[in-house]
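Working notes, structure below.
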Amino acid sequence: MKIGIDLGGSNLRIAVVGEGASLTQTQKQKVGEPRDPETIVERCAKLCEELAGNERGISVGIGLAAMLRDREGTVANSPHLRWRNVPFGKLLARRLGTRFTLGLYNDVNAIVYGEGVAGAARGCRDVLGVYVGTGIGAGLIVDGKLVEGATNCAGELGHTKVRWDDTAEPCACGSRGCVEAYCGGSYIQKRIVKELTAGAKSSAIAIAGGIEKINAGHVDQAAAEGDDWALGLWTEIAPLLAVALGNAIAVLNPDTLLLGGGVLSRTPTLYELVTATLMIAGNGPSLESLRIVQAELGDDAGIVGAAYLAASGVSIIAP
């Protein structure tokens, strides 16, 4: 039996993953409070035991919204769970015991692997997957295998730098000037509200029904209709993300660029600006055979990817 878990800052989703990456016995819960590691360990363990019933030899894969430090499941930083330097993997492995094998993965790594197993990147050999949501995460598949890096930190494209000085925007990772701090959904939302509240004129306000309701999707609609402020914002943000993508593609030379996440999925105008700018700013030979695809599996991707990684024996944590 394969069990997959997607643990984010808001929701905890779990399912049994069967043949063809089919999901059964799916459950979704709010993370809520308290969210200390011990509480989350106990909740995850009880859910696994409930799904497992009397079976043995069960693999459990977890995709976690966090920067990891090693293959023992140490969480270096999870801003949304408010965890730093937490041995979450070891804690959960000990709680589950030898009946289960456990693997813990960065959530976007799991998502990209899931899309490689059963989604938009199915059958692709070398994939760069980039998700723009609240933050920006990425995952790498090279020669069909997930790349975790020397200390399990590979793929942190969102924390590569676009600026490095005292006035650079602070990032949730604790540094400054990261791509995420300029192009992540949380930053974009704050900037939208700040500029419109300060008096910027835009049809996005009327589209949203008020500044208090506005989001990136409303700004994208305004940009598509020719709104000067919205177009100005998008034409500033798009090149920053496009150059980060182009640099990664020049280094990695993937056959497929997989794009997803809540921001890009609801901002088609921004998406088109990013991909068009990439074609100009990127390295020509690296782009010649590149396929750009949009994610297909939605919320299921992380569960599928984590379950398949653990079942394949990738980064299993000893109890």
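What the table below lists for this structure:
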read-out	value
Region 183-216 - residue that is open to solvent by less than 20 Å² (accessible area, probe 1.4 Å) and part of a helix (DSSP H, G or I) and, of those, nearest to Ala168 (Cα to Cα)	Cys183
Flag for Ala45 being within 20 Å of the chain's Cα centre (by Cα), in contact (Cβ under 8 Å) with a residue 40 or more places away in the chain, within 23 Å of Ile316 (Cβ to Cβ) and not in a loop (DSSP other than H, G, I, E, B)	no
Single condition Leu81 does not satisfy, out of (1) in a loop (DSSP other than H, G, I, E, B); (2) in contact with a Ser or Thr (Cβ under 8 Å, 6 or more places away or on another chain)	(2)
Considering residues of region 296-312 that are in a loop (DSSP other than H, G, I, E, B) and in contact (Cβ under 8 Å) with a residue 60 or more places away in the chain only, the residue surrounded by the fewest Cβ atoms within 10 Å (Cβ to Cβ)	Asp299
Single condition Pro254 does not satisfy, out of (1) modelled with pLDDT of 95 or more; (2) open to solvent by 40 Å² or more (accessible area, probe 1.4 Å); (3) under 28 Å from Gly139 (Cβ atoms)	(2)
Yes/no for Tyr113 being outside any helix (DSSP H, G or I) and in contact with a strand residue (DSSP E or B) (Cβ under 9 Å, 6 or more places away or on another chain)	no
Looking only at region 116-163, and only at residues there that are part of a strand (DSSP E or B) and among the basic types (Lys, Arg), the one that is least open to solvent (accessible area, probe 1.4 Å)	Lys161
Conditions (1) assigned to a helix (DSSP H, G or I); (2) among the hydroxyl-bearing types (Ser, Thr, Tyr); (3) over 27 Å from Ala168 (Cα atoms); number of the one not met by Ser289	(1)
Residue in region 76-85 that is among the aliphatic types (A, V, I, L, M) and either modelled with pLDDT of 95 or more or on the phi > 0 side of the Ramachandran plot (or both) present	no
Complete set of residues in region 166-178 that are assigned to a loop (DSSP other than H, G, I, E, B), at pLDDT 90 or above and out of contact with any helix residue (DSSP H, G or I) (no Cβ under 8 Å at 6 or more places or on another chain)	Thr167, Gly177
Criterion: assigned to a helix (DSSP H, G or I), within 30 Å of Gly8 (Cα to Cα) and open to solvent by 50 Å² or more (accessible area, probe 1.4 Å) - qualifying residue of Leu245, Leu270, Leu278, Leu240	Leu240
Some residue of region 227-237 being surrounded by 16 or more Cβ atoms within 10 Å (Cβ to Cβ), within 24 Å of the chain's Cα centre (by Cα), more than 16 Å from Val132 (Cα to Cα) and not β-branched (Val, Ile, Thr)	yes
Region 143-179, residues that are β-branched (Val, Ile, Thr) and more than 25 Å from Gly298 (Cβ to Cβ)	Thr151, Thr160, Val162, Thr167
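The values are calculated or read from the model by the stated rules, or taken from the named source; none is laboratory data. Treat the numbers as computed from the prediction; the structure is a model and nothing was measured. As a convention, Cβ positions derive from the backbone with ideal geometry for all residues, glycine included, and neighbour counts pool all protein chains shown. With ligands, DNA and RNA removed, areas are computed over all heavy atoms of the protein, side chains included. Shrake-Rupley method; radii C 1.70, N 1.55, O 1.52, S 1.80 Å.
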